[in-house]
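Below is one structure; the comments refer to it alone.
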Amino acid sequence: MRPGKQTLLNRLFPEGHAITQEGLVLRGWGGTKQGRVHVIGTTDHAAIDTRIALALSDAVLKAIAADGSDPRPIVFIADTQGQALSRREELLGLHGYFAHLARCVNLARQQGHRLVTLIDGEAVSGGFLAFGLLADCIVALPGAEVRVMDLRAMARITRIPFERLTELAQTSPVFAPGAENYWRMGGIQALWTETEDWSEQLLALLQGNPEDERARLGAERGGRMLADLVAQQVFHAH
Amino acid sequence: MRGLAQSYREALARLRVQALLDPDSFSEWVDPAQRVTSPHLAALEAPVSFDDGVIVGQGLLYAHPVILIAQEGQFNGGAVGEVHGAKIRGALLRAVRDKPSAVLLCIDSGGVRLHEANAGLIAISEIMRALFAVQEAGIPVIALIGGTCGAFGGMGIVARLCDVIIISEEGRIGLSGPEVIETVKGVEEFDSRDRALVWRITGGKIRRTLGEATLLVDDDIAAFSAAAGEEVGARPRFFKKRRLTPAISLQTLQAAQQQLSARAELDAEIRDGQVLWSRMGLGDQVSLMSPEQFNRRLEALES
């Protein structure tokens, strides 16, 4: 395992942990003051392909099966550059593997597992949608990069000059990469800093409301003013 | 409109909505007259649409109440932004409350709208969670896919979360579009201009073959409507159909895990749908089969 990930796990779980890496998938358990939690994730900016998606969904299903009526929290470590880009993977239906993984994550929530995602490294687009972004609570660690696409590629596709996008990115959280932008929009609940005690902070997140409050949070923080409002308009329309 | 042959692919979303449902039964929520548009597109001086590229409302499908969501592929590729996503989420949450016979989700989208990429990504995650809530309330979600943009990116994942996928041969579902793969990995990996190849990788027939869609229909709005009508129990079934997702439980997801694992183990030669069809004994004339012939051949193979 990469030394950085080892350090992260030591900081999160000073009570001890047993987490192994197979390929780019991490799985195992971490000890907290409230007992063990499941740890499932990826490392080294993994491009999520069918095999990684299957390893992740397998780990989630095994966690559900192992706990039965006493569901422990699951901590996801998200570190992904996005989905694998390959003709074969598309043919096999990579979107279907991601949907299966999402369904497994949602079953874990239904069964009472608390779901916390820690972004360590980067969280990009489809690879993030499939599992990390579905948690009850999402945290970005220092230096974490969250994005759909970098600004240069975005400029090419939208045909809006790169300089203009860079300028607008100063004031709008809506399209430019960055964990802080996602925080303002309610997509990330917390940004942790280097000097804090992450094991204590994690402990505080192991209980909470599993409802999807992101749209309301985005409005509260001023980063996403319409998501909740428009959904409510549709909900109450005559 | 029903009974008149009308291409689903060529029609705009508003026409699809009118022609899918019983005449004059549709009422729209947050309609274009309210001009709820994207402030983010406006900030980039990009054109806005008065419905932000999606129509949501309720109507009757063969006299059964349904909630209908229809993306407009001709506006920004049906891509999901903040308002667009909020309308879909609002309609799904409303389904949990109103308990219609089904939700029809007419997907025609390349995924996240890049002009508001962060809002779009979070919105798709919110749509996924709202869709789970609809299913938990026992209401089936039926995806209809046959537009020019298909169902890609996050909307490809959303499509596969639905209980039923009705797709035309021209419909496509995937995660990364062929242009993206070609740009990053080279033309040898995926030649996006080879349209026949593109359809053999992501098109309706290969998706139905792999069990990633439930039924193939003609590119005709009436055919989509009839197939959706069968799903809400309003019409007799012509084809035995499986649900894509049986009631979700640990057991059903463990079974799905095994199926998907077996598919991922297929040998490396499987890089073209034709290889699969040849091995299944469907020959090299699959593209010439009508949807009905194709559905019957597959049902025979599956039984």
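Quick check: convex hull of the Cα atoms in the stretch B:220-279, volume per residue, rounded to a whole Å³?
Values: hull volume 8.6 nm³, N = 60.
Enclosed volume per residue, from the Cα hull, is 144 Å³.
Taking the Cα atoms of chain B alone, what are Rg (to one decimal) and Dmax (as a whole number) in Å?
Spelled out, the Cα radius of gyration and Dmax of chain B are 18.8, 55 Å.
Report the accessible surface area buried between chains A and B, summing both sides, using a 1.4 Å probe on protein heavy atoms only, in Å² rounded to the nearest 100.
6800
So what are the stretch B:69-184's ellipsoid semi-axes, whole angstrom, largest first, if each one is the square root of 5 times an eigenvalue of the alpha-carbon gyration tensor?
On the way: eigenvalues 103, 52, 25 Å².
After scaling each eigenvalue by five and taking roots: 23, 16, 11 Å.
Testing the spin-label approximation: label points 7 Å from Cα along Cα→Cβ at residue A:201 and residue A:6. State their distance in nm.
2.3
If the cut-off is a Cα-Cα distance under 15 Å, which aspartates and glutamates reach residue B:240, setting aside same-chain residues fewer than 8 apart in sequence?
Within the straight-line cut-off, residue B:240 pairs with B:163, B:230, B:231, B:292, B:299, B:302.
Apply the Debye scattering formula to the protein assembly as shown, with a single equal point scatterer on each alpha-carbon and no solvent, then give log10 I(q)/I(0) at q = 0.06, 0.07, 0.11 Å⁻¹.
Scattering profile of the protein assembly as shown, log10 relative to I(0): -0.26, -0.36, -0.94.
Using the alpha-carbon centroid of each, what span in Å lies between the stretch B:267-303 and the stretch B:1-80?
Rounded to whole Å, the Cα centres lie 34 Å apart.
Need the C-alpha centroid separation for the stretch B:113-147 versus the stretch A:80-137, integer Å.
14
How large is the helix-only mean residue ellipticity at 222 nm for chain B, computed as the sum of -39500 (n - 2.57) over DSSP H runs with n ≥ 4, divided by its residue count, in deg cm²/dmol to the nearest 500? The partial results should precede the final answer.
Working: 12 runs with 125 residues, N = 303.
Counting only the DSSP helices, I get -12500 deg cm²/dmol.
Please report the accessible area of residue A:195 (heavy atoms, 1.4 Å probe, ligands and nucleic acids excluded) in Å², nearest 10.
Residue A:195 exposes around 130 Å² with every protein chain in place.
Taking all protein chains as present, what is the carbon and sulfur share of the accessible area of the protein assembly as shown, in % to the nearest whole number, probe 1.4 Å?
Numbers: 10250 of 20060 Å².
The value for the protein assembly as shown is 51 percent carbon and sulfur by accessible area.
When Rg is the radius of gyration of the Cα atoms in chain A and Rh is its Kirkwood radius, what does Rg/Rh come to?
0.97
So, for chain B, what is the accessible surface per residue at a probe of 1.4 Å, expressed in square angstrom? Provide the component values of the computation, followed by the final result.
Values: 11010 Å² over 303 residues.
Value for chain B: 36 Å² per residue.
Restricting to Cα pairs below 8 Å that are 6+ residues apart, what does the relative contact order work out to for chain B? Please round to a whole percent. Working shown, then result.
Working: 558 pairs, mean separation 46.1, N = 303.
That works out to 15 percent.
Using Cα-only point scatterers and the Debye equation, what is log10 of I(q)/I(0) for the stretch B:120-261 at each q in 0.12, 0.17 Å⁻¹, rounded to two decimals?
Taken in order of the listed q values, log10 I(q)/I(0) reads -0.54, -1.04.
Set the Förster radius R0 to 30 Å, insert the Cβ-Cβ distance between residue B:287 and residue A:162 as r into 1/(1 + (r/R0)^6), and round the FRET efficiency to 0.05. It would help to have the intermediate numbers written out before the result.
Numbers: r = 42 Å, r/R0 = 1.40.
Plugging the Cβ-Cβ distance into 1/(1 + (r/R0)^6) gives 0.10.
Could you give the size of the charge dipole of chain B about its Cα centre, using +1 on the Cβ of each K and R and -1 on the Cβ of each D and E, expressed in debye and rounded to the nearest 20? Could the numbers behind the result be given before it?
On the way: 32 positive and 38 negative charges, 167 e Å.
The calculation lands at about 800 debye.
Specify the inter-centroid distance of the stretch A:47-77 and the stretch B:192-230, based on alpha-carbon positions, in whole Å.
32
Let me spell out the model: positive unit charges on the Cβ of Lys and Arg, negative unit charges on the Cβ of Asp and Glu, origin at the Cα centre of the protein assembly as shown. What dipole size does that give, in debye rounded to 20?
Details: 56 positive and 65 negative charges, 174 e Å.
Dipole about the Cα centre, nearest 20: 840 debye.
Would you please state which residues of the stretch B:288-302 a label at residue B:240 would reach in this model, taking the label point 7 Å out along Cα→Cβ and a backbone N cut-off of under 13 Å?
B:296-302
The values are calculated or read from the model by the stated rules, or taken from the named source; none is laboratory data. Please read all numbers here as calculations on a predicted model, not as lab measurements. We place every Cβ from the backbone using ideal geometry, glycine too, and count neighbours over all the protein chains shown. SASA here: full protein model, heavy atoms, side chains in, ligands and nucleic acids out. Shrake-Rupley method; radii C 1.70, N 1.55, O 1.52, S 1.80 Å.
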